[in-house]
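The values are calculated or read from the model by the stated rules, or taken from the named source; none is laboratory data. Everything numeric in this text was worked out from a predicted model, so none of it was measured. Positions of Cβ are generated from backbone atoms using ideal geometry, with glycine treated the same way; all protein chains shown enter the neighbour counts. Heavy atoms of the whole protein, side chains included, go into the accessibility calculation; ligands, DNA and RNA do not. Shrake-Rupley method; radii C 1.70, N 1.55, O 1.52, S 1.80 Å.
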Amino acid sequence: MYGEYRSWLDQHPDVFVYTRTFDRTRMIVVANFTSRHIALSLPSELGMNGECLICNYEPVNMINETIELSPYEAFAIASRTG
């Protein structure tokens, strides 16, 4: 609810990706809304290490420029900035 919200990959028909930055903490949320695996290329500025806050598969603590999402996989990662 607080902080700067930025949506990413808005044209992708199957995933929802956004970041929220507030008080030196950055969070990225990634969600696959399909029943199939999706290989996803992310902008380089989304790459980060952090703490997995929530997930419905194995915890994700690092995001690279390419990731593979399982069916209906969703997760949120937070990290400190600056």
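Worth pointing out:
- Given (1) farther than 14 Å from Ala78 by Cα; (2) of a type in the set (A, V, I, L, M, F, W, C); (3) assigned to a strand (DSSP E or B), number of the condition Met1 does not satisfy: (3)
- Residue in the stretch 22-37 that is of a type in the set (Gly, Ala, Ser), exposed (fewer than 14 other Cβ atoms within 10 Å of the Cβ) and within 21 Å of Glu58 (Cβ to Cβ) present: yes
- Here the stretch 56-69 is the region considered, the condition is being at pLDDT 95 or above and assigned to a loop (DSSP other than H, G, I, E, B), and the residue that is least open to solvent (accessible area, probe 1.4 Å) is Asn56.
Here's the yes/no breakdown for (1) open to solvent by 50 Å² or more (accessible area, probe 1.4 Å); (2) part of a strand (DSSP E or B); (3) more than 17 Å from Glu4 (Cα to Cα):
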residue: Glu45; (1), (2), (3): yes, no, no
residue: Ile54; (1), (2), (3): yes, yes, yes
residue: Pro71; (1), (2), (3): no, no, yes
residue: Ala78; (1), (2), (3): no, yes, no
